[in-house]
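Colleague: Once you've had a glance at the structure underneath, I'll fire off some questions.
Derivation of every value follows stated rules applied to the coordinates shown; laboratory data play no part. Since the model is a prediction, treat every value here as computed from it, not as a measurement. Ideal geometry is used to build each Cβ from the backbone, glycine not excepted, and the neighbour counts take in all protein chains shown.
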Amino acid sequence: MLDLTTVRAELGAQYDLTPSQETADRLGDLYSRMDRVVPPSDWAIYAPYVEAINRLKVEKNAVILAHNYMTPEIYHGVSDFVGDSLQLAIKATEVEHDVIVQCGVHFMAETSKVLNPAKTVLIPDMSAGCSLAESITAEGIAEMRAKYPGAPVVSYVNTTAEVKAASDICCTSSNAVQIVDALDADTVIMTPDQYLAQNVANLSKKKVVFWKGSCIVHELYTAEDLRAYREYDPETKIIAHPECTPEVVAEADFTGSTSGIVDWVHQHKPKKAMLVTECSMASNISDELPEVEFAKPCNMCPYMKKITLEKILWSLHTGQEEVIVPDAVAGKARQAVQRMIDLSRELGI
Ligand code: 13P
Ligand code: SF4
């Protein structure tokens, strides 16, 4: 586990990280992408870290791939590419840098490593997990196969490399229905998200059987809360992530992956919107969409929020923490992820 006292002392000795109005002003272009959600005093604290990270990235030939749930100073300040899980996985196959710094949770970094065995993949905090990835092991996949002989296993990318290796193909929230429908089987096993699986089943021609994992962020939203909000303000468009329960999804005006949500809001520009997903999403896009008023129900992902500017700088400075996947697991996991990427391309997703 990271010892933040040591981290701070070492970084403080190597870089000038004191809050600075001068640095904040120098990085004014970056700040303009987030000035509606990050106060000037906070930017004066962040700017020295942002400058140091962006300089080190060049020195180390590193690229930062960041998930849509990162906080605005990471999302806008230091990321080279932002996206949902599918976009990040595809991007990982395209980058030419020696080092990938994954700003997201561990399964995302593992996916990048599996797709790029020769590259160094770093995660700024190894303990950035995911309740879904923690809910199932390869034994769980074997149990499901024994219960439903012959049914193919589609595992959400929110799983460990070991679970991916035991699965036939992966999916993400942006391609799950199409992947399930494309398989040559009447019954499909989906793991580990019970709600994503039920939401897929409601849109698919297949019989979908599932593992009973859940996302601790999205399962907190209730259909009653959304109905109460709609009654209070019928004008607000409600936009949900498919890790929410089917009851919540039924209340939503649109359901999609994190990038699907961003695209939908850009396209439709509703006067008011409520993003039924992780807190940072609305903050990250509100500067680009000043005409949209966001209601911000805030369920925070404690795992995503382990990634901070300080830990990103530490990661680039020390080359820690490196994600390693044993070859025997990586090969099979790669097949399941690559099948998903290939099929998504074939299906035009
Ligand atoms: P997306 O693939 O939609 O970005 O979802 C990832 C995730 O962890 C959402 O909770
Ligand atoms: Fe996992 Fe949920 Fe956090 Fe996404 S939001 S990383 S699914 S715990």
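Colleague: Give me the dipole magnitude in Debye, nearest 20, for the chain about the Cα centre, with unit charges on the beta carbon: positive for Lys and Arg, negative for Asp and Glu.
Modeller: Details: 31 positive and 49 negative charges, 139 e Å.
With Lys and Arg at +1 and Asp and Glu at -1, about 660 debye.
Colleague: Separate question: Calculated from DSSP H runs of 4 or more alone, at -39500 (n - 2.57) each and per residue, what is the 222 nm mean residue ellipticity of the chain, nearest 500?
Modeller: Details: 17 runs with 157 residues, N = 349.
It lands at -13000 deg cm²/dmol.
Colleague: Related question: Find the all-direction average of the projected area of the Cα convex hull for the chain, expressing the result in square nanometres with one decimal place.
Modeller: About 17.6 nm², averaged over all directions.
Colleague: Mind sorting ILE349, ILE136 by how few other Cβ atoms lie within 10 Å of their own Cβ, fewest first? Intermediate results must be reported in sequence, preceding the final value.
Modeller: Details: ILE349 15, ILE136 26.
Least crowded to most crowded, the residues run ILE349, ILE136.
Colleague: Let's test the formula: R0 of 41 Å, r as the Cβ-Cβ distance of ALA118 and ASP25. What FRET efficiency results, to the nearest 0.05? Provide the component values of the computation, followed by the final result.
Modeller: On the way: r = 41 Å, r/R0 = 0.99.
Working from the Cβ atoms, E equals 0.50.
Colleague: Same structure again: Gaussian network model of the chain, Cα springs within a sub-10 Å range: biggest mean-square fluctuation belongs to which of ILE324, ILE169, ILE123?
Modeller: The residue that fluctuates most here is ILE324.
Colleague: Antiparallel DSSP bridges in the chain: what percent, to the nearest 5?
Modeller: Details: 1 of 33 bridges.
The answer is about 5 percent antiparallel.
Colleague: Going by amide H atoms built from the backbone, whose H comes under 5 Å of the H on LYS237, apart from near neighbours?
Modeller: LYS272, ALA273, MET274
Colleague: For the chain, which span is the longest to avoid every loop-located (per DSSP) member of GluC sites (Glu not before Pro) having at most 15 other Cβ atoms inside 10 Å? Kindly include the intermediate steps, with their values, before the conclusion.
Modeller: Values: sites that count: GLU94, GLU96, GLU235, GLU288, GLU291.
Answer from the scan: 97-234.
Colleague: When a footprinting reagent is the concern and you count Cβ atoms within 10 Å, what order do HIS317, HIS266 take, fewest first? Walk me through the intermediate numbers first.
Modeller: Numbers: HIS317 17, HIS266 12.
Starting with the residue having the fewest Cβ neighbours, the order is HIS266, HIS317.
Colleague: Please identify the cysteines of the chain that lack any partner cysteine with a Cβ under 4.7 Å from their own Cβ.
Modeller: Within the chain, the cysteines lacking a partner Cβ under 4.7 Å are CYS103, CYS130, CYS170, CYS171, CYS215, CYS244, CYS301.
Colleague: Can you tell me the length gained on complete extension of the stretch THR137 to THR93, counting 0.36 nm per residue apart and subtracting the Cα distance? If you can, show how the numbers build up before the last one.
Modeller: Details: separation 44, 0.36 × 44 = 15.84 nm, distance 2.57 nm.
Using 0.36 nm per residue and subtracting the Cα-Cα distance, I get 13.3 nm.
Colleague: If you take the beta carbon distance between ALA223 and GLU346 as r and set R0 to 25 Å, what does 1/(1 + (r/R0)^6) give as a FRET efficiency, to the nearest 0.05?
Modeller: Working: r = 35 Å, r/R0 = 1.42.
For ALA223 and GLU346, the calculated efficiency is 0.10.
Colleague: Moving on. Please report PHE254, PHE107 as a ranked list, fewest other C-beta atoms within 10 angstrom at the top and most at the bottom.
Modeller: Values: PHE254 18, PHE107 25.
The fewest-first ordering by Cβ neighbours comes to PHE254, PHE107.
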